[in-house]
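Presented below is the structure to which this report refers.
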Amino acid sequence: MPLAIRIDAYGGPEQMKLVEVPVGEPGPGEIRIRHMACGLNFIDVYQRTGLYANPLPLNLGMEGAGVVEAVGEGVTHLKAGDRAAYASNPPGSYSEARVMPAKNVVRLPDAIDFDTGAAMMLKGLTAQYLLKRVRPVEGLEPGDHVLFHAAAGGVGLIACQWAKALGLQLIGTAGSAAKCELALAHGAAHAIDYSKEDFAARVKEITGGKGVKVVYDSVGKDTFDKSLDCLRPFGLMACFGNASGPVPPVNPGLLAGKGSLYLTRQTLFTHIATRETTQQMADDLFAVVGSGEVKIRIDQRYPLAEVAQAHRDLEARKTTGCTVLVP
């Protein structure tokens, strides 16, 4: 039987166990896929700890790439033998093979290898919806400044490159000088080491006191308050993660006092709720990767059996770019 990573209780990396799981035939609207590579994401940590609760026992992983082995009734956009990749609910990509819903699975272009496919789907589609679909009320134009936290991470390095291709002036934050250099090398217009500098003060300096139109924040608790101070009037605070912990309750009056600001909490899975939207977003991602405007940087690879170490390194901020698990 194929192997998969499962948790029976919420907790630390030690909760993840390599177990055999039966994998049957796909039902209506489903496929069976044999994974060649699996992606690692912070949402996997949230699900492992129970911050994002799911029924237990739980097979982890939201992103993968491989070969379609069989398709169920009603699936017409894929066939057995297709190279494919996905970011999808329910979890279960940390596995050698699985049966899963087909709607978020797309054909992987021949020019993109399996490791890249597995590394880029969740993070790349996240960057796509943030830059293309989550926009401030006054819009984004070439030359506009945006602030992007964790700019040297998997989503961040994709966003740095994509923002540059769109003509945006991305101001990235990161936790070390080396990570700031990485963000700059990938297209960030400016990089701020928040371990040494007050990022809000630097943003005001960079923008001539105006502030940015939008802040993209996956860090959460540690960056939220100062991020609001970086926004210009009518600016958008776009939260899409909480690596440092969830943001405490917010008094809406705070948004009024700082310039009639907008606040949103986004998730990829609302954006890819239909097969059509998933395909459109994936096509956009494949196009920028295929053109070379966005390069997917894979800095870490771990065997699937060493997933606990991968999680420890991710939580300790030891990783940069994308991480792949190899079944």
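The values are calculated or read from the model by the stated rules, or taken from the named source; none is laboratory data. Predicted model only: the values in this text are computed from it and were never measured. Cβ coordinates were reconstructed from backbone atoms using ideal geometry, including for glycine residues, and neighbour counts include every protein chain displayed.
With G245, G321 as the choices, which residue is among the small types (G, A, S), within 22 Å of G175 (Cβ to Cβ), touching a residue at least 12 places away in the same chain (Cβ under 8 Å) and not assigned by TED's automatic domain parsing to the domain that holds T76?
Of G245, G321, the one residue that is among the small types (G, A, S), within 22 Å of G175 (Cβ to Cβ), touching a residue at least 12 places away in the same chain (Cβ under 8 Å) and not assigned by TED's automatic domain parsing to the domain that holds T76 is G245.
Each row is one residue, and each column tells you yes or no for (1) over 19 Å from V105 (Cβ atoms); (2) hydroxyl-bearing (S, T, Y); (3) surrounded by 16 or more Cβ atoms within 10 Å (Cβ to Cβ); (4) assigned by TED's automatic domain parsing to the domain that holds E14.
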site: T277; (1), (2), (3), (4): no, yes, yes, yes
site: V288; (1), (2), (3), (4): yes, no, yes, yes
site: G292; (1), (2), (3), (4): yes, no, no, yes
site: Q300; (1), (2), (3), (4): yes, no, yes, yes
site: L304; (1), (2), (3), (4): yes, no, yes, yes
site: V307; (1), (2), (3), (4): yes, no, yes, yes
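In segment 48-57, what residues are outside any loop (DSSP other than H, G, I, E, B) and either crowded, with 22+ Cβ neighbours inside 10 Å or modelled with pLDDT under 95 (or both)? Even if it seems obvious, please write down each step before you answer.
Applying the first criterion (outside any loop (DSSP other than H, G, I, E, B)) to segment 48-57 yields 48-49.
If the condition is that a residue be outside any loop (DSSP other than H, G, I, E, B) and either crowded, with 22+ Cβ neighbours inside 10 Å or modelled with pLDDT under 95 (or both), then R48 is the only one that fits.
Which residue is farthest from V23 (Cα to Cα), if the candidates are limited to segment 105-130 and must be assigned by TED's automatic domain parsing to the domain that holds G81, surrounded by fewer than 24 Cβ atoms within 10 Å (Cβ to Cβ) and not charged (D, E, K, R)?
Filtering segment 105-130 for residues that are assigned by TED's automatic domain parsing to the domain that holds G81, surrounded by fewer than 24 Cβ atoms within 10 Å (Cβ to Cβ) and not charged (D, E, K, R), the one farthest from V23 (Cα to Cα) comes out as A111.
Quick check: is even one residue across segment 25-33 within 18 Å of P303 (Cβ to Cβ) and assigned to a strand (DSSP E or B)?
Quick first cut of segment 25-33, residues within 18 Å of P303 (Cβ to Cβ) only: none.
No, segment 25-33 contains no residue that is within 18 Å of P303 (Cβ to Cβ) and assigned to a strand (DSSP E or B).
Taking segment 132-157, which residues are assigned to a helix (DSSP H, G or I) and touching a strand residue (DSSP E or B) at 6+ places or on another chain (Cβ under 8 Å)?
Answer for segment 132-157, where residues must be assigned to a helix (DSSP H, G or I) and touching a strand residue (DSSP E or B) at 6+ places or on another chain (Cβ under 8 Å): G154, G156, L157.
Considering only segment 273-297, how many residues are in contact (Cβ under 8 Å) with a residue 12 or more places away in the chain and either in contact with a strand residue (DSSP E or B) (Cβ under 7 Å, 6 or more places away or on another chain) or more than 22 Å from N89 (Cα to Cα) (or both)?
11
Considering every residue within segment 64-75, establish whether at least one is surrounded by fewer than 22 Cβ atoms within 10 Å (Cβ to Cβ), in a loop (DSSP other than H, G, I, E, B) and either at pLDDT below 95 or β-branched (V, I, T) (or both).
Yes, segment 64-75 contains a residue that is surrounded by fewer than 22 Cβ atoms within 10 Å (Cβ to Cβ), in a loop (DSSP other than H, G, I, E, B) and either at pLDDT below 95 or β-branched (V, I, T) (or both).
Just to be sure I understand, how many residues within segment 21-49 are small (G, A, S) and under 23 Å from A305 (Cβ atoms)? Quick ask: steps written out before the conclusion?
Kept after step one, since they are small (G, A, S), are these residues of segment 21-49: 24, 27, 29, 37, 39.
If we keep only those that are under 23 Å from A305 (Cβ atoms) too, we end up with 37, 39.
Here the count works out to 2.
Considering only residues of segment 76-92 that are in a strand (DSSP E or B) and not basic (K, R), which is farthest from F269 (Cα to Cα)?
A84
When segment 54-70 is examined, which residues are found to be farther than 14 Å from A102 by Cβ and touching a residue at least 40 places away in the same chain (Cβ under 8 Å)?
Answer for segment 54-70, where residues must be farther than 14 Å from A102 by Cβ and touching a residue at least 40 places away in the same chain (Cβ under 8 Å): L56, P57, L58, N59, L60, G61, M62, E63, A65.
If we scan segment 18-38, do we find a residue that is in contact with a helix residue (DSSP H, G or I) (Cβ under 9 Å, 6 or more places away or on another chain), within 27 Å of Q266 (Cα to Cα) and not β-branched (V, I, T)? I'd like the intermediate steps shown before the answer.
Start the filter on segment 18-38 by keeping residues that are in contact with a helix residue (DSSP H, G or I) (Cβ under 9 Å, 6 or more places away or on another chain), which leaves 18, 35-38.
Now narrow it down to the ones that are within 27 Å of Q266 (Cα to Cα): 37-38.
Narrowing the set further to residues that are not β-branched (V, I, T) leaves 37-38.
So far as segment 18-38 goes, yes, one or more of its residues are in contact with a helix residue (DSSP H, G or I) (Cβ under 9 Å, 6 or more places away or on another chain), within 27 Å of Q266 (Cα to Cα) and not β-branched (V, I, T).
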